[in-house]
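Novice: Got a structure for you, questions after.
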Amino acid sequence: MKLNKIYKTGRIGICLVLIFIVSCKSEKGSSFKKEELTELVYPLLDTENSRWFFFSSASRPFGMVNLNPDTEIKGDWGGGYKYTTNTVKGFSHVHEWQMSGLSIMPVAITKENSENIFSDFYSEFSHESEKIFPGYHSLLLDRYQIKAELTSTKRVGFHRYTFSSSAQKAILFNLNTILGPCENTNGKLEKINDYELSGSLVLSTNFRRPKPVTVYFKIKFNEPVSSIERNAATGNYLVNFSIVKDKILMKAGISYTSVENAANNLQQELSHWDFDKVVSDSKTEWNNLLGRIKIEGGTKTDQRRFYTDLWHALQGRKTISDANGAYPDNSGENFRIGQLPLDSNGKPKFNHYNSDAFWGAQWTINTLWGLVYPEIMDEFVHSLMQYYKDSGMIPRGPSGGNDTYVMTGASATPFIVSAIQKGIIKDDLEEIYTAIKKNHMLNGIMGKAGYEHNTDLGGGLKYYLQKGYVPYPLPDGNFGSHQDGASQTLEYAYQDWTLAQLAKKLKHQEDYDYFMGRSKNYQNIFDKSSGWMRPRDVEGKWRENYDPYQYENGFIESNGAQSTWFVPHDIENLAILMGGKEKAVEKLNEQFETAKDLKFTSGTSHDAELHPEFSRIPINFGNQPSIQTSFIFNLLGRPDLTQYWTRNVVKETFSGLSPATGYNGDEDQGLMGSLNVLLKIGLFQMNGGTDKEAQYQIGSPAFSKVTIQLNPKYYKGKKIIIEADNNSTENIYIKAIKYNNSPVEKNTISHDAITNGGKLILEMSNKAKQ
């Protein structure tokens with residue numbers, strides 16, 4: 001497939017902030033033509049390994065509506081838009097963590113298909129007919145010869161269907177079906193008048209989301225409906241049109257609270273019928289956000305991959321609150337409609353969000369959002385606190401207004417602490433501290449294993465407090481997923497350290513001492529005789545016949561070799577346990593040398609991690625537990641190795657544009673996209689930016705110049721410029737660093753210095769600095 005058939009340059013929209021246009025030299029030295037940044041995004045990246053919430057084409061940033069074609073519907077992993085399947089099974093509006101819904105399909109009725117249209121309505125399509133860019137998706141349904149075009153606002157899906165003039169036109173509402181992670185049931189559709197419909201469907205429960213969620217919707221057409229048929233066998237509906245015009249436009253507003261709020265969302269966000277204007281507005285919104293970072297240098301493929309990474313960093317985790325601030329609260333015994341606080345103009349002060357866990361966010365969105373998109377970090381902290389006010393607990397993966405308790409630990413703690421330390425969150429700090437601390441104590445979220453809804457034993461927190469580690473196996477039994485004691489111990493120790501930093505900031509000295517003590521618990525599972533983190537049972541005995549390369553042998557989605565380095569708050573003392581910095585460097589460097597043969601990942605998809613060979617890789621950049629490892633060298637006094645291995649990881653793992661690979665099938669709602677952006681601009685935060693003087697470790701950027709536009713509401717400076725003089729694929733080492741003409745000696749720079757604005761100049765070389 002030729003890429004230029006998918007992307008076409010469009011007219012540049014008017015930006016609210018500065019839109020950066022990329023103009024640089026290609027591999028052959030010729031200049032690239034000027035393009036909108038949305039035209040550089042490659043939406044098909046890794047879509048052979050897609051999962052239900054991964055692909056998001058005709059959507060706004062963090063939109064409630066996530067509208068795109070579905071080629072696979074009966075499964076979370078491998079569901080949604082999967083590149084290798086050439087059959088459209090519907091266009092659905094919700095692709096989110098444990099949620100799905102409102103699938104529709106335009107059809108042309110014939111004598112041959114009229115009797116079976118409710119059970120046989122899928123259509124093949126060709127990728128050659130597709131056009132995709134952020135905010136827009138179009139393709140041709142071969143079976144019906146219908147051109148389908150999709151776009152959206154935040155809460156409204158907008159469809160434009162072009163039929164052949166002779167076709168008997170209809171739209172099938174597939175309200176009762178399995179979509180991705182859950183079954184859609186109890187679908188209802190009601191005709192309000194010839195141009196308007198309303199309805200609802202219920203998202204059934206699963207073991208991750210144990211309470212049902214209702215999706216309400218309001219539909220408007222630009223042409224009158226002639227009739228509606230309901231099929232008794234499926235409970236689905238066929239909406240017929242008798243018009244002679246070729247095009248049918250349809251607007252679908254959704255809500256998780258009521259039909260009335262769905263109608264209000266539609267009215268507030270899309271009161272007109274200008275489809276092309278919505279496409280243009282969506283491109284403008286995406287261009288504004290992508291344009292916060294301007295890059296120069298590298299190949300065109302490098303640049304396209306960069307903006308694809310950045311696009312992914314901004315499309316996970318979806319809005320669940322309505323335009324008026326109403327939202328679903330499923331945290332109590334009975335469902336209730338909550339209300340966000342309003343400003344003086346009657347508008348919600350922030351949006352409320354659905355979200356996968358923040359597991360791994362300390363090395364990804366903490367840094368990217370905190371620096372480039374502080375307003376997004378601000379909103380998410382307020383949303384997390386709204387959950388606390390409703391349920392008494394900061395969640396670990398809310399879905400449909402209730403926590404799923406995905407993964408382990410208190411992964412939101414570093415995220416919130418980072419926002420506070422960077423000055424993004426300034427108010428109500430004592431209330432926030434109380435909320436965070438609750439999660440670190442008995443009966444808090446640390447006590448829960450993955451998806452543990454009714455107990456709080458699987459987290460092994462009582463043992464962590466009594467013995468200084470979580471035993472493996474847990475003697476109490478199995479209560480949830482990821483009951484891997486060694487990893488749980490490492491997570492808790494780091495998260496305790498981040499909480500201690502906030503305690504210190506707020507002058508809670510006793511708490512600071514207490515949590516700093518707990519932060520050293522990682523030492524209790526380090527086996528000096530083997531040099532690895534090693535699980536211990538409840539009696540304190542080391543795991544027998546221990547193999548540090550055995551996958552999930554006491555470690556979560558990783559092996560012991562990978563997770564041994566999960567001490568982001570105390571690398572220097574970890575090195576002492578290993579016999580000193582030189583031995584630690586030697587050990588980690590050897591792991592990278594071995595991992596290079598497998599391109600630093602456990603295969604090219606998430607399920608490949610279980611492969612007998614791939615799972616034994618000592619460093620894995622395909623999942624979160626060891627994605628920080630190349631920057632550890634910086635803290636061990638070998639920045640040259642950080643520069644060398646980071647550039648190698650980018651080159652071997654995160655450089656291509658292909659549906660077959662990209663994030664190895666595990667892009668958890670912006671985490672891996674964010675990681676890629678940080679590796680390529682050469683800024684990283686080992687402890688997630690949670691210390692008092694939040695520091696960035698400086699790495700080897702992939703581009704000759706990076707310009708970051710700062711949000712003036714949060715930061716004093718206007719922009720940050722990173723210039724890598726003489727940068728190339730050979731000149732990967734940093735010979736000297738200056739910031740605002742002052743030398744930088746330790747390959748670090750503070751958050752305050754960067755956000756005051758300035759120029760970071762890196763003198764690049766093909767030789768490591770001695």
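Since every read-out is calculated from the coordinates, none of them should be taken as a lab result. Keep in mind the model is a prediction, meaning the values are calculated, not measured. With ideal geometry, Cβ positions are generated from the backbone for all residues, glycine too; neighbour counts draw on all protein chains shown.
Novice: Just to check I understand the Karplus step: with θ = phi - 60° and J = 6.51 cos²θ - 1.76 cosθ + 1.60, what whole-Hz values come out for region 406-417, glycine and proline as x?
Specialist: So the Karplus estimates, Gly and Pro as x, are 5, 6, 9, x, 10, 5, 6, 4, x, 4, 5, 4 Hz.
Novice: If you find the alpha carbon centre of region 206-234 and of region 591-627, how far apart are they in angstrom?
Specialist: Here the two parts' Cα centres lie 42 Å apart.
Novice: Can I ask one more? Can you list the residues, at least 5 places off or on another chain, whose amide H is less than 5 Å from the amide H of SER56, using H built in the peptide plane?
Specialist: For SER56, whose amide H was placed from the backbone, there are no distant partners under 5 Å.
Novice: Only counting other Cβ atoms within 10 Å, I'd like TYR256, TYR373, TYR514 sorted with the fewest neighbours first.
Specialist: The most exposed by this proxy come first: TYR514, TYR373, TYR256.
Novice: Chymotrypsin sites (Phe, Trp or Tyr not before Pro) within region 128-203: which are DSSP loop residues with at most 10 other Cβ atoms inside 10 Å?
Specialist: Taking region 128-203 and a limit of 10 other Cβ atoms within 10 Å, no loop chymotrypsin sites (Phe, Trp or Tyr not before Pro) are found.
Novice: Additional query: How would region 442-574 be classified by its alpha-carbon gyration tensor: rounded, prolate or oblate, with rounded meaning a/c under 1.5 and the a/b versus b/c comparison settling the rest?
Specialist: Oblate.
Novice: Expected output is a single nm value to one decimal: the length gained when fully extending between SER204 and THR234, i.e. 0.36 nm times separation in residues minus the C-alpha distance. What is it?
Specialist: That works out to 9.2 nm of additional length.
Novice: Given a Förster distance of 35 Å, report the FRET efficiency between TRP273 and GLU115 from their Cβ-Cβ distance, rounded to the nearest 0.05.
Specialist: After rounding to 0.05, the efficiency reads 0.55.
Novice: Give me the number: length gained by fully extending ILE243 to LYS520, i.e. 0.36 nm times residue separation minus the C-alpha to C-alpha distance, one decimal in nm.
Specialist: Separation in residues times 0.36 nm, less the Cα-Cα distance, equals 92.6 nm.
Novice: So if I take the centroid of the Cα atoms in region 503-532 and the same for region 113-145, what is the distance between those two points in Å?
Specialist: So the separation of the two Cα centres works out to 56 Å.
Novice: Mind giving me the FRET efficiency for ASP547 and ASN726? R0 is 51 Å, r the Cβ-Cβ distance, nearest 0.05 is fine.
Specialist: The computed FRET efficiency comes out at 0.70.
Novice: Give the angle, between 0 and 90 degrees and rounded to the nearest 10, that separates the Cα long axis of helix 300-313 from the longest principal axis of the Cα atoms of the chain.
Specialist: Rounded to the nearest ten degrees, it is 80.
Novice: Something else about it: Could you please rank MET516, MET99, placing first whichever residue has the fewest other Cβ atoms within 10 Å of its Cβ?
Specialist: Ascending number of Cβ neighbours within 10 Å: MET516, MET99.
Novice: Starting from region 316-403, pick out the GluC sites (Glu not before Pro) whose DSSP state is loop and whose Cβ has at most 16 other Cβ atoms within 10 Å.
Specialist: Qualifying residues, ordered by number: GLU333.
Novice: What are the aspartates and glutamates whose alpha-carbon lies under 15 Å from the alpha-carbon of LYS220, with same-chain residues fewer than 8 places away excluded?
Specialist: GLU190, ASP194, GLU196, GLU260, GLU269, ASP274
Novice: If I stretch the segment between LYS583 and GLU124 completely, what's the gain in nm (0.36 nm per residue apart, minus their alpha carbon distance), one decimal?
Specialist: 159.5 nm
Novice: Quick one: if the Förster radius is 41 Å, what FRET efficiency do ASP537 and ASN334 give, using the C-beta to C-beta distance and rounding to 0.05?
Specialist: 0.45
Novice: Using only Cα atoms and rounding to the nearest 10 degrees, what angle (0 to 90) does helix 374-391 make with the longest principal axis of the chain?
Specialist: Once rounded, one gets 80 degrees.
Novice: I would also like to ask the following. Could you run the Karplus curve 6.51 cos²θ - 1.76 cosθ + 1.60 with θ = phi - 60° over region 143-155 and give me ³J(HN,Hα) per residue in whole Hz, x for Gly and Pro?
Specialist: Rounded to whole hertz, the list is 4, 10, 6, 10, 8, 9, 10, 10, 8, 6, 9, 5, 10.
Novice: Karplus couplings for region 521-536 from phi (6.51 cos²θ - 1.76 cosθ + 1.60, θ = phi - 60°), rounded to Hz, Gly and Pro as x?
Specialist: Per-residue couplings from phi come out as 4, 4, 5, 6, 10, 8, 9, 5, 5, 9, x, 10, 5, 9, x, 10 Hz.
Novice: Would you please name the trypsin sites (Lys or Arg not before Pro) within region 339-427 that are DSSP coil residues with at most 10 other C-beta atoms within 10 Å of their C-beta?
Specialist: Sparse-neighbourhood loop trypsin sites (Lys or Arg not before Pro): LYS426.
Novice: Before rounding to the nearest 500, sum -39500 (n - 2.57) across all DSSP H runs of length at least 4 in the chain and divide by the residue total; then give [θ] at 222 nm in deg cm²/dmol.
Specialist: That comes out to -7500 deg cm²/dmol.
Novice: Starting from the Cα gyration tensor of region 660-743, take the square roots of the eigenvalues, sort them a ≥ b ≥ c, and report rounded, prolate or oblate (rounded when a/c is under 1.5, otherwise prolate if a/b is larger than b/c, else oblate).
Specialist: It comes out oblate by the Cα gyration axes.
Novice: Would you mind telling me the antiparallel percentage of the DSSP bridges in the chain, rounded to 5?
Specialist: Expressed as a percentage, antiparallel bridges in the chain total about 95.
Novice: Extending each Cα 7 Å along its Cβ direction at GLU510 and SER750, get the distance between those two points in nm, one decimal.
Specialist: 3.1 nm
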